[in-house]
Amino acid sequence: MPVRRWVKSGGAKLSPDPDELVASAPDPTTARVNVVWHKWSDLRLLDHEPLYRAHQRSEPVLHLHLVELPLLSGLSRVAGIPRCSSRRAEFWQQCVEDLACRLKEKGQHLVVAAVEDPAEFFARLCEEVPVRSVFCHEDFCDEELQVQASVRRTLQRVGASLECFWGALTVHHIDDLGFDARDRHQMPMYKGEFQRAAKRRPIREVLPIPALQKPPVAALTLGSATVAEAFATAPPRLPPEERQLFQWTGGETFALQHLKNYMESGSLVRYRGATESFAHGEDNAVNAGTRLSPWLAFGCISARMVVKEAKAWERVNGQSSSTAKGVGKTGSTGTRLHTELLFRDFLRFSTLAWGTSLFKIGGPFHIKGVQWKRDQELFKKWCLGQTGFPFVDAGMRELAATGYISHLHRQCCAAFLVRDLGLDWRMGAEHFESCLLDHTPDANWGNWAYRILQRPGLVETRAKYPLEEHVNTVEVVVWPAVHDAQLEHTLLWVPELQHLPKDLAREPWRTEGHPSKRIKIKPYKDSPLWFCAANRTNWDYEYFWLPGHAWIVSEGKPEHRYKDFQLERDYFRPLIPALNVELDLDALPVKHSWGDTPGESRPHLWEGGQRQRRRAKVKATKVEEKAKVSFAANEGVDEDDAPQFSERSGIENCHRK
């Protein structure tokens with residue numbers, strides 16, 4: 001039984017069983033017709049193999065897009081939320097409208113119809129049009145594969161065929177990998193191994209738009225009268241978001257123009273990989289992406305075309321470092337862009353091996369032993385950006401308002417939901433699916449399952465750790481220090497913190513709490529902290545500005561109290577205990593705004609020799625505590641009962657020695 005990612009509102013049966021559908025055989029004396037089925041993920045003309053192959057035939061060609069209502073207006077299976085947000089529906093509609101215009105300019109016509117079940121539509125189409133073959137891109141996720149198989153059976157009953165092509169679904173064609181990605185024993189389990197193999201393989205050339213055959217006369221009378229009519233059940237449109245720094249318009253026309261502008265302007269030299277958490281400074285993974293992902297998701301442009309254009313630009317203009325640390329360190333920006341798109345390839349190929357497990361609670365790694373919650377109130381606060389952690393809240397608010405957040409922000413917000421709130425990870429994946437303009441099931445669900453859902457070894461480690469004592473996703477309090485070092489992005493989306501000093505706007509819990517317990521946060525293998533696996537191997541090289549400790553914040557006498565600011569009244573109290581992360585401000589690799597509160601009130605922020613003074617203080621504290629333990633032993637008292645607090649020095653009690 002397939003795992004569906006949606007249910008129809010009200011739970012009614014969506015359509016008859018495809019096996020019960022009967023279509024009349026076409027009149028053999030009538031000219032046969034080929035159909036190009038544009039799915040929502042391939043709304044373009046250029047580099048479109050099904051289109052290219054269909055127009056090589058001599059018969060008339062009908063272009064078709066089906067607006068699948070379960071995707072547009074259905075409800076998700078786990079959280080019961082709308083499957084498609086207003087922003088995403090608007091972008092989808094724009095993509096279809098642009099495709100219709102481009103086809104019209106070339107003497108063709110796009111039939112658009114809103115349907116509950118594509119198989120039922122094709123059965124009726126074959127009654128009116130003598131279909132020979134339907135050309136489309138191959139599907140790769142379970143739900144879509146079920147639809148594809150249903151359409152194939154329907155066509156076969158009337159003597160028509162479904163011809164599927166992998167085409168430009170990935171940078172590297174599935175047949176060029178050197179192994180069978182459909183075979184789970186050959187497909188690499190991890191992205192590093194896959195990328196090393198794929199980078200040695202060729203990339204096929206971009207297919208041109210062929211001379212288009214004429215459409216059949218019947219095409220003009222099929223489907224909806226307008227594209228807008230087919231999207232009538234979409235959520236109401238929202239006004240433009242004034243805070244949005246980049247505005248997307250759906251469609252191949254706009255995708256090609258943006259790619260052209262991006263290359264011609266030299267913006268490629270500023271590119272930082274979407275997953276590159278170690279690229280700091282003005283150009284970083286949060287703000288220095290290509291902005292192509294929504295167009296890639298809806299298939300307005302192909303990934304291999306993007307890679308080809310980047311490599312062509314570098315051949316003419318030379319290479320630049322993808323981390324601003326020298327080309328030799330991690331390669332050029334063009335190479336980094338190829339690497340990022342290879343991760344997209346990896347997830348897309350992996351879905352063939354993962355099958356339905358991608359949408360089950362245990363994920364493709366079959367995780368067990370995690371107690372998941374479906375607390376709707378917690379989930380709502382996360383969705384609305386009301387967690388009390390500014391970096392998380394800024395990301396979630398931006399997502400809801402615009403349909404987009406950077407990849408690093410997504411990871412932080414997702415990990416917080418899974419590892420700190422303990423909510424069913426599929427609820428988060430469904431919310432991202434609904435909101436993200438660049439959602440595809442492989443990339444969205446795949447990222448949640450591969451990067452966010454903890455692996456078996458980590459489940460065991462977390463079971464032994466006092467998770468409830470503080471936030472576990474340390475990135476949500478560390479990454480703002482380097483990826484939003486002036487706090488511009490956070491304050492744009494969390495304006496209620498604008499009147500606080502930057503130190504406190506980043507850690508607003510300091511206005512009503514105080515540091516009570518010092519813990520180690522330096523990563524180690526299967527650490528319950530730091531969801532980003534790279535952070536456990538690159539600490540000394542990339543995180544030299546982090547001393548390796550943080551302070552648990554407890555309620556009580558605050559370091560700062562402001563008459564005009566109060567948690568719960570002006571901003572949300574953290575849903576879980578927060579941390580004050582120790583930062584070496586002198587070593588931070590970016591221009592920052594930290595250190596705007598009195599030095600004596602922020603022992604976790606070091607600068608101007610404060611680090612050396614802190615080390616001396618810690619050393620003295622350890623000597624004092626050693627003496628206390630010795631005293632306890634001499635008096636016959638258990639070590640755990642010995643005094644653990646020093647008014648002068650604070651606590652040096654760590655979870656991991």
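The values are calculated or read from the model by the stated rules, or taken from the named source; none is laboratory data. These numbers were taken from a predicted model, which means no experiment stands behind them. Quick reminder, even Gly has a Cβ in these numbers, built from the backbone with ideal geometry, and neighbours come from all protein chains shown.
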**Prompt:** Just checking, which of 237, 304, 348 is farther than 27 Å from residue 203 by Cα, modelled with pLDDT of 90 or more and charged (D, E, K, R)?
**Reply:** 237
**Residue in region 143-151 that is closer than 23 Å to residue 223 by Cβ, outside any strand (DSSP E or B), of a type in the set (Asp, Glu) and out of contact with any Gly (no Cβ under 9 Å at 6 or more places or on another chain) present** = yes
**Asked** When you go through (1) at pLDDT 95 or above; (2) more than 21 Å from residue 114 (Cβ to Cβ); (3) out of contact with any Gly (no Cβ under 7 Å at 6 or more places or on another chain) one by one for residue 49, which number turns out not to apply?
**Response** (3)
**Request:** Answer yes if at least one residue in region 55-67 is modelled with pLDDT of 95 or more, in contact with a Ser or Thr (Cβ under 6 Å, 6 or more places away or on another chain) and surrounded by 19 or more Cβ atoms within 10 Å (Cβ to Cβ), and no otherwise.
**Result:** no
**Asked** Is there any pair with a first residue in region 583-600 that is in contact (Cβ under 8 Å) with a residue 24 or more places away in the chain and of a type in the set (Ser, Thr, Tyr) and a second that is buried (at least 17 other Cβ atoms within 10 Å of the Cβ) and not in a loop (DSSP other than H, G, I, E, B) whose Cβ atoms are under 6 Å apart and which are 6 or more apart or on different chains, and what are they?
**Response** 593/502; 597/503
**Asked** Can you name the residue in region 152-169 that is of a type outside the set (Ser, Thr, Tyr), within 12 Å of residue 123 (Cα to Cα) and touching a residue at least 60 places away in the same chain (Cβ under 8 Å) and is also surrounded by the fewest Cβ atoms within 10 Å (Cβ to Cβ) among such residues?
**Response** 153
**Request:** Please indicate, with yes or no, whether at least one residue in region 85-97 is charged (D, E, K, R), free of Cβ contacts under 8 Å to residues at least 24 places away in the same chain and either in a helix (DSSP H, G or I) or not assigned by TED's automatic domain parsing to the domain that holds residue 347 (or both).
**Result:** no
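In region 13-46, what count of residues is obtained for those that are among the hydrophobic types (A, V, I, L, M, F, W, C), at pLDDT 95 or above and assigned to a loop (DSSP other than H, G, I, E, B)? Before the answer, list the steps.
First pass over region 13-46, keeping only residues among the hydrophobic types (A, V, I, L, M, F, W, C): 14, 21-23, 25, 31, 33, 35-37, 40, 43, 45-46.
So of that shortlist, the ones also at pLDDT 95 or above come out as 33, 35-37, 40, 43, 45-46.
With assigned to a loop (DSSP other than H, G, I, E, B) added as a condition, the list becomes 40, 43, 45-46.
The qualifying residues number 4.
Hey, among the residues in region 448-499 that are part of a helix (DSSP H, G or I) and of a type in the set (Gly, Ala, Ser), which one's modelled with the lowest pLDDT? Spell out how you get there, then give the answer.
Step one: list which residues in region 448-499 are part of a helix (DSSP H, G or I), which gives 448-452, 456-462, 467-469, 475-478, 480-483, 488-493, 495-497.
Now narrow it down to the ones that are of a type in the set (Gly, Ala, Ser): 449, 457, 481.
Working: 449: 95, 457: 68, 481: 92.
Selected residue: 457.
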**Item:** Within region 242-252, considering residues that are surrounded by fewer than 19 Cβ atoms within 10 Å (Cβ to Cβ) and of a type outside the set (D, E, K, R), the one farthest from residue 406 (Cα to Cα)
**Value:** 249
**Complete:** Across region 502-533, the tally of residues that are modelled with pLDDT under 90, of a type in the set (Asp, Glu) and more than 19 Å from residue 415 (Cβ to Cβ) stands at 1
**Near pairs, Cβ below 9 angstrom, 6+ apart or cross-chain, from region 533-549 (of a type in the set (A, V, I, L, M) and assigned to a helix (DSSP H, G or I)) to any residue that is modelled with pLDDT under 65 and crowded, with 19+ Cβ neighbours inside 10 Å** = 534/275; 534/277; 534/278
**Complete:** Filtering region 562-575 down to residues that are within 30 Å of the chain's Cα centre (by Cα), part of a loop (DSSP other than H, G, I, E, B) and surrounded by 19 or more Cβ atoms within 10 Å (Cβ to Cβ) yields 572, 574
**Asked** Restricting attention to region 113-123, does a residue exist that is out of contact with any Ser or Thr (no Cβ under 6 Å at 6 or more places or on another chain), over 24 Å from residue 210 (Cα atoms), modelled with pLDDT under 95 and surrounded by fewer than 20 Cβ atoms within 10 Å (Cβ to Cβ)?
**Response** no
**Prompt:** Inside region 220-235, can you point out the residues that are hydroxyl-bearing (Ser, Thr, Tyr) and either closer than 16 Å to residue 101 by Cβ or under 33 Å from the mean Cα position of the chain (by Cα) (or both)?
**Reply:** 224, 226, 233
